[in-house]
Amino acid sequence: MRLPLALVANVRLLNSGLRIRHSIHNGVIKTSLLSSHNICSRAERKWIKPAGFDTGVKTYNSLTKQKEPLVLAQERIATWYSCGPTVYDHAHLGHACSYVRFDILQRILSRIFEINVIHVMVITDIDDKIIQRSLEQNISPTVLARMHEEEFKRDMQALRVLPPAVYMRVTDNIPQIVAFIKRIIGNGHAYVTSQGNVYFDTQSIGNRYGKLVNLGGIAGELGAQDKRDPRDFALWKASKPHEPHWESPWGQGRPGWHIECSTIASSVFGSQLDIHSGGIDLAFPHHENEIAQSEAYHQCEQWGNYFLHSGHLHLKGSVEKMSKSLKNYVTIKDFLKSYTANEFRLFCLLTRYRSAIDYSDASMNEARSTLSTISAFCHNAQAYMQGHLQCQPTEEGILWERLSATQSSVRKALADDFDTPKTMDAIMSLIHHGNCQLQPATKVDGPRSPAVFGAMLSYLCSHYTGYVYMQPNNQFEVHDSSGVLNNVVEELVHFRSKVRKFALSVEDQAPQDPHTGSEIQKRHPQPDRVPLLKDCDALRNNLAPLGVHIKDRGTNSTWEITRRGETRKD
């Protein structure tokens, strides 16, 4: 078989130690020759610090393996792309951990540092796993994917995860994917095989392949026999019998796994992306391949400026991540039968987003206890401000100083790679000092200091609803009928308080000590009113398992609605 003259010329150039580079400038294709030694130089993998708006935040960048200043291309605007689920099965808690952690990071950037985050997420709705599962269940791959896509979105809503600016499906972007692959081929970085597959040519970019990981002896994708290099990966897969397929210049087929993300991210954000996020297990090969094909398409030195990866969720005592393949997972739906979204979000806050995290009943109970402490303080502070909780005069100056120091340390911690554990330490310290000065007293002398507790409440509420999406008093656990329920409970507690106050009234004449003739200091309710007190106590105890928590403070009472069955710390 005779080779085309252009190909023969290219082969001769390659044999002479030169490599061809194609580039496009102002619509004109240019060809340049590079030494094979130059194209493989280490310098080509050097991270380029972006020019633009410095946010004042430092974040760990997987491209450099260290913290880097977060610099955005546009002032106060962050373009953010994340890999969504492959919708062939239920989402599990390992998925939830990654999505919740990055949701918290996005809220921190938005609410604390005033960055407008434009987030795009892809839904992988065509894939080997989807096809295999659809055959097992004897339903259409499209129907299977739509079912699990909607379930995923419901799970994210239940976990308080903000939706992206737009969800995008792979199957809605097939023409764009085909055009993306054609350009990569045209740029000299992919090849078509006789079987109708299209592969990315990793050798064509030399040492630029491996920006995220030290490849060493890592093998490429398995199963393909028509690749030039084991590291080459599929951009387009020729269709097999009874599989979904689309038309392309290379025959009927469907996209490879990685090409979808590069195409969709580029269709929205162009040739430059600020932040790309995902679980650490996606760093290789998925994100590595995205980088390679995106830079080959755009003919640029650096496509994504920051790659953020979240750590795995492990079952306590196991070194293995939670995954479907290991059959060691807990679905989000089942998890939310035992714990709340707020408790899970707090569980995620107690570790760094890029660290592995151990899941167990003990760790969830720690999160529940911490949330309960926060809620109890907020409830007590509100009661103090309303005059329902009587305390000795507070050291107001100390609390103002603590509040100011907390605000400063929290912002500093969040600017240091979103250090939420250090943030939680600062918050809990503030609450501890507040609790120390909210000790109930029966007899009060001196001025009250409601303003400082109002400031603390305002900060805590804005802090949590700002980037954690938890209200300290857990009002999110009360749904559509919350207004009616609150009013009913208010009337019930008010009536109980009146009955209890009447029952606590002592006898008109205090008894005297027969030996000394002096009045006995400890006085008791009138005997015929004791049953009323017992009934009041029974009502309080019976309402607690139903989620209504009443606190008696002398002759006054306060209340809050809690998670059903949860015990509040007084």
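Here are some notes:
- Measuring r between the beta carbons of PHE502 and LEU135 and using R0 = 45 Å, the FRET efficiency lands at 0.05.
- Listed pairs LYS422/LYS443; LYS129/LYS333; LYS316/LYS337 exceeding 30 Å between Cα atoms: LYS422/LYS443
- Size descriptors for the stretch 383-468, from the alpha-carbon set: Rg then Dmax equal 14.2, 48 Å.
- Working note: Karplus 6.51/-1.76/1.60 with θ = phi - 60° gives the stretch 485-502 the couplings 4, 4, 5, 5, 5, 4, 5, 4, 5, 4, 5, 4, 4, 5, 5, 5, 5, 5 Hz, where Gly and Pro are set to x.
- Where LYS333, LYS67 fall by accessible area, highest first, once all protein chains stay in place (1.4 Å): LYS333, LYS67
- Cut-off 13 Å between beta-carbons: net charge of the residues surrounding GLU68, Lys and Arg +1, Asp and Glu -1: +1
- Kirkwood hydrodynamic radius of the stretch 53-350, from inverse mean 1/r over distinct Cα pairs, in Å: 20.1
- From phi via Karplus (6.51, -1.76, 1.60), per-residue ³J(HN,Hα) for the stretch 70-85 in Hz, x at Gly/Pro: 7, 10, 9, 5, 10, 4, 6, 10, 10, 8, 9, 10, 9, 7, x, x
- Counted residue by residue at 0.36 nm each, then reduced by the alpha carbon distance between them, the extension gain from VAL143 to LYS316 reaches 58.7 nm.
- Ranking LEU105, LEU63 by solvent-accessible area of protein heavy atoms (1.4 Å probe, all protein chains present), from largest to smallest, gives LEU63, LEU105.
- Taken over the stretch 354-430, the alpha-carbon convex hull comes to 99 cubic angstrom per residue.
- A cut-off of 5 Å between modelled amide H atoms, ignoring neighbours fewer than 5 places along the same chain, links VAL122 with SER82, GLY84, MET168.
- With 28 Å as the limit on Cα-Cα distance, the pairs of LYS58/LYS182; LYS65/LYS412; LYS153/LYS240 that go past it are LYS58/LYS182; LYS153/LYS240.
- Residue-count net charge about VAL493 - beta-carbon cut-off 13 Å; Lys, Arg +1, Asp, Glu -1: +3
- ALA538-ASP281 FRET efficiency (beta carbon distance; Förster radius 56 Å; 0.05 resolution): 0.55
- Measuring r between the beta carbons of SER267 and ALA455 and using R0 = 56 Å, the FRET efficiency lands at 0.75.
- Annotation: per residue accessible area for the stretch 381-457 equals 49 Å², rounded to a whole number [probe 1.4 Å, protein chains only].
- The amide H of TYR359, built 1.01 Å from its N in the peptide plane, has HIS314, LEU315, LYS316 as neighbours under 5 Å, considering only residues 5 or more places off or on other chains.
- Karplus-derived 3J(HN,Hα), 6.51/-1.76/1.60, for each residue of the stretch 135-144, Hz, glycine and proline x: 5, 5, 9, 6, 10, 5, x, 5, 5, 4
- In Å², nearest 10: area of ASP445 left accessible to a 1.4 Å probe: 100
- Potential lengthening between TYR339 and ALA405 on full extension [0.36 nm per residue; Cα-Cα distance subtracted]: 20.5 nm
The values are calculated or read from the model by the stated rules, or taken from the named source; none is laboratory data. Computed from a predicted model, the values in this text were never measured in an experiment. Glycine gets a Cβ as well: all are built from the backbone with ideal geometry, and neighbour counts include every protein chain shown. Please note that ligands, DNA and RNA were not included when accessible areas were found on the heavy atoms of the full protein model with its side chains. Shrake-Rupley method; radii C 1.70, N 1.55, O 1.52, S 1.80 Å.
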